[in-house]
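What follows is a single structure, written as structure tokens, with notes after it.
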Amino acid sequence: MGGSRVQVNKAHKSRFSSKSSRNLHKTSVKDRLAIAKAERNVGKGARAARIQRSKMLRDQKRAAVLKEKRELSGSRSPPRVIVLFALCASVDLESLADDLLSLLSKDTCAVLPGTVASSEYKTRITVLKAPHGDLLSCMEMAKVADLMVFVASAKSLCEETDSFYIDSFGNQCLSVFRSLGLPSTAVFIRDLPSDLKQRNELKKICTSSLASEFPEDCKFYPADTKDELHKFLWLFKEQRLKVPHWRTQRSYLLAQKVGAVHEGNSEKCTLFLTGYLRSRSLSVNQLVHVSGAGDFQLSKIELLKDPCPLNSRKNQDLMDADEMHDTEVIGSLVPDPLNHEALVIENIPDPLAGEQTWPTEAEIAKADEDQKKKKTRKRSLPRGTSEYQAAWIVDDSDESDCDDENNHGMVLDEGEDGFPGQEENKYSEFDGDDASLRFGDSEEETDNDSVMMEVDNLTREKIQDELKELKEAHAADEEFPDEVDTPFDVPARKRFAKYRGLKSFRTSSWDPKESLPQDYAKIFEFDNFKRTQKHALAKALELDQENCEHCISVGSYARLQIKEVPSAVASKLCLLSKRMPVTACGLLKHESKVSVLHFSVKKHETYDPPIKSKEELIFHVGFRQFVGRPVFSSEFINTDKNKMERFLHAGRFSVASIYAPISLTPLPSIILKISGENAAPVVAAVGSLKTVDPDRIILKRVILTGYPQRVSKRKASVRHMFYNPEDVKWFKPVELYTKRGLRGRIKEPVGTHGTMKCLLNGVLEQRDTVCMNLFKRAYPKWPTHYFPLSDK
């Protein structure tokens, strides 16, 4: 528009300039040049430091990747574990495993079952076949897998699921594997046609159908011929594998051999587990957890000669089988009595710890000082009041004390400052755990809560009737949550003796140390659990980085001697080792002690029966397994209290709280349920470990309901909430509300049948329902045994 001329604008004149620019004219030219030069040097130095730091980080990452690659291909690394999992029952895993092992063992012979060292591919591999239909075996194999190979057949059509190549059991296992954390994955496609065009088309169809079920970096390989498997193995030996984070924090050993030595006629024995150590170094002073059996101490660790070395000579492969099984012992480690970690599970409570003792002289002196301070407390009195007159004037605090003495009603927690509690009264003999049991509390949890677990003396018809009742209770809880009926023959003040009212669920205080059950004397609590966890993980990392005399390094072939294992448990483990891997993992500090664990769980989509609170369930938490009887609760963000749920509802997350050995977060959890004595466990819920906190408050709520009899604007007479006037007076301090949003209070009882006059903050409709909330603290149930394979 204006030609080639460039528009030039005047420089902006700042009205509010900085101090340095305002005083610039006062500085000499020489000093001004020195300041500018120094500023330029500072900028250059900072930029050079940033460049140097980024270069150093790049070099460190490059060195770490190179070190990892050398370790994976070196002789010191343990064999990589490949787990073959069939997505459909029609897939033949036997022929695939035979083809893989034959390719790997061209110039060697397999010494250990399923483990081969290949000099051609410069790697060692253990091949495991997941049995289709056995959920426990598939889960245990997925926990130790370095590579999960999902095998699909192009000819299989499973119409029962959304995908044509995955059946219902495959879908269930896939969701469980995702909850555990998938390692590196690959998909083999078999049974493709020989014609090249049809082969490529069918492979594309199968890939597009299965791609959404697996991670984005998962690759698909045809696996019909040995040439195709050879291409896969050539890529696999250079592949950098990824494993879930929780597996990198603990050392574990996948047992290649399981044995036991019985010590005379005692019920205890020494368990022998032989295999390669993985992930981290293991100390002989550590405690170990054997999957399903429990936590134990080590009596000895024997370092054995590697039976499957990578650079083995051909003449060593031709040795006799007897000589192969006689493994040579290189060295042994014995625990240090001073540093050996003690096996402490439960705290031994002191029965006299809460007893009242005679006060000391210091306590008596302090009490006298407090009494004097109380006497000399200043009070606001009218001017000219004598000492005699002041003695007759009552303080506000004294009036409140008098009111408390004359009050015979239920205590209502007013706000944040007061401690909740219920006063002593003439019904105090009904307080405690026996109150609800004595009056037939159908909502109280007793030892017979787990209806499905006790089926020894029940017929099929009784089991079906009880299951029907349980489903009806679950449906009623979803439609009318927490609503209960007041019994006719028992006064409500006795039936709900352990409950209390709250002014506000969010702001009212509840002391977490108040009226704790006897089980809390057997558990452990930390002042700061996050700090304790940080120290335990730092100590484990330090142990792994230092070459200690009492530790064995990663990749060592060792025999763990685990002492004081029950003979019955050892015999079960020997039988289980034939069909599933037996794993021993090292425990971090404090992980054998029992506390209250909280899990964030969600009901599995394949499980339809209701799951009631305090039913016996099996928790798979990382490598560990233990039995728990959880209480379910919903979580609130803006309060320290959480509401108990009677059932685990589908479609939303809940918090499951149990008594169990401590585990340091983060860890995945799979919750199994056994429907009968000889039935196989099924997946009931999945989730993750949230925290370890005995002070987490879980409140069980009951809602008492009444119905308007006569309504006069804001006043109404309500019936069917109570059935005698004494109950109305007892619950008078508790606030009322209606289902349509009104709030009110009890004014007085009317008549002798429990009808009460209520005052509300709005006009009550005749069809509305008047409700009252009562709360009590709920706790998990102590399990009969901690671990699935043990009896106690």
Residue that is without any contact (Cβ under 8 Å) to a residue 12 or more places away in the chain, more than 30 Å from VAL621 (Cα to Cα) and not in a helix (DSSP H, G or I), where the choices are SER208, SER194: SER194
Would you check if there is a residue in segment 110-121 being under 19 Å from TYR221 (Cβ atoms), open to solvent by 10 Å² or more (accessible area, probe 1.4 Å) and under 36 Å from the mean Cα position of the chain (by Cα)? no
Of these, LYS203, LYS242, which one is touching a strand residue (DSSP E or B) at 6+ places or on another chain (Cβ under 7 Å), assigned to a loop (DSSP other than H, G, I, E, B), open to solvent by 40 Å² or more (accessible area, probe 1.4 Å) and basic (Lys, Arg)? LYS242
Name the single residue, out of those in segment 517-544 being among the polar types (S, T, N, Q) and in a helix (DSSP H, G or I), that is most open to solvent (accessible area, probe 1.4 Å). GLN518
Criterion: more than 13 Å from PRO694 (Cα to Cα), touching a strand residue (DSSP E or B) at 6+ places or on another chain (Cβ under 7 Å) and surrounded by 15 or more Cβ atoms within 10 Å (Cβ to Cβ) - qualifying residue of LYS498, LYS494: LYS498
Step by step: first the residues of segment 122-145, then only those that are surrounded by 21 or more Cβ atoms within 10 Å (Cβ to Cβ) and more than 24 Å from LEU174 (Cα to Cα), then the one that is farthest from the chain's Cα centre (by Cα). Which residue is that? THR123
Is it the case that some residue within segment 344-357 is modelled with pLDDT of 85 or more, in contact with a Ser or Thr (Cβ under 9 Å, 6 or more places away or on another chain), open to solvent by less than 70 Å² (accessible area, probe 1.4 Å) and not in a loop (DSSP other than H, G, I, E, B)? no
Can you find even one residue in segment 552-564 that is under 30 Å from HIS132 (Cα atoms), open to solvent by less than 10 Å² (accessible area, probe 1.4 Å), of a type in the set (Val, Ile, Thr) and modelled with pLDDT of 90 or more? no
Name the one entry in ILE658, ILE562 that is more than 17 Å from the chain's Cα centre (by Cα), in a strand (DSSP E or B), under 29 Å from LEU537 (Cα atoms) and not hydroxyl-bearing (Ser, Thr, Tyr). ILE562
Residue among PHE214, PHE236 that alone is of a type in the set (Phe, Trp, Tyr), modelled with pLDDT of 90 or more, closer than 23 Å to ASP92 by Cα and buried (at least 18 other Cβ atoms within 10 Å of the Cβ): PHE214
So, ASP195, is that one open to solvent by 20 Å² or more (accessible area, probe 1.4 Å) and at negative phi or not? yes
Odd one out for LEU229 among (1) open to solvent by 20 Å² or more (accessible area, probe 1.4 Å); (2) farther than 30 Å from THR270 by Cβ: (1)
Please determine whether any residue of segment 585-605 is polar (S, T, N, Q), in a loop (DSSP other than H, G, I, E, B) and surrounded by fewer than 19 Cβ atoms within 10 Å (Cβ to Cβ). no
Matching residues in segment 67-113 (closer than 23 Å to LEU303 by Cα, modelled with pLDDT of 80 or more and part of a loop (DSSP other than H, G, I, E, B)) number 3
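Residue by residue, here is whether (1) β-branched (Val, Ile, Thr); (2) touching a strand residue (DSSP E or B) at 6+ places or on another chain (Cβ under 9 Å); (3) touching a residue at least 12 places away in the same chain (Cβ under 8 Å) holds:
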{"site": "ASP640", "(1), (2), (3)": "no, yes, yes"}
{"site": "ALA650", "(1), (2), (3)": "no, yes, yes"}
{"site": "ALA680", "(1), (2), (3)": "no, no, yes"}
{"site": "VAL683", "(1), (2), (3)": "yes, yes, yes"}
{"site": "VAL702", "(1), (2), (3)": "yes, yes, yes"}
Complete set of residues in segment 619-630 that are open to solvent by 10 Å² or more (accessible area, probe 1.4 Å) and within 11 Å of ILE658 (Cα to Cα): ARG629
When LEU229 is evaluated against the numbered criteria (1) at pLDDT 90 or above; (2) under 22 Å from PRO668 (Cα atoms); (3) not in a strand (DSSP E or B), which criterion, by number, is the only one it fails? (2)
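The values are calculated or read from the model by the stated rules, or taken from the named source; none is laboratory data. All values derive from a computational prediction rather than experimental measurement. Cβ atoms come from the backbone with ideal geometry, glycine included; neighbour counts cover every protein chain shown. When the accessible area is computed, the model is the full protein with side chains, heavy atoms only, and any ligands, DNA or RNA have been set aside. Shrake-Rupley method; radii C 1.70, N 1.55, O 1.52, S 1.80 Å.
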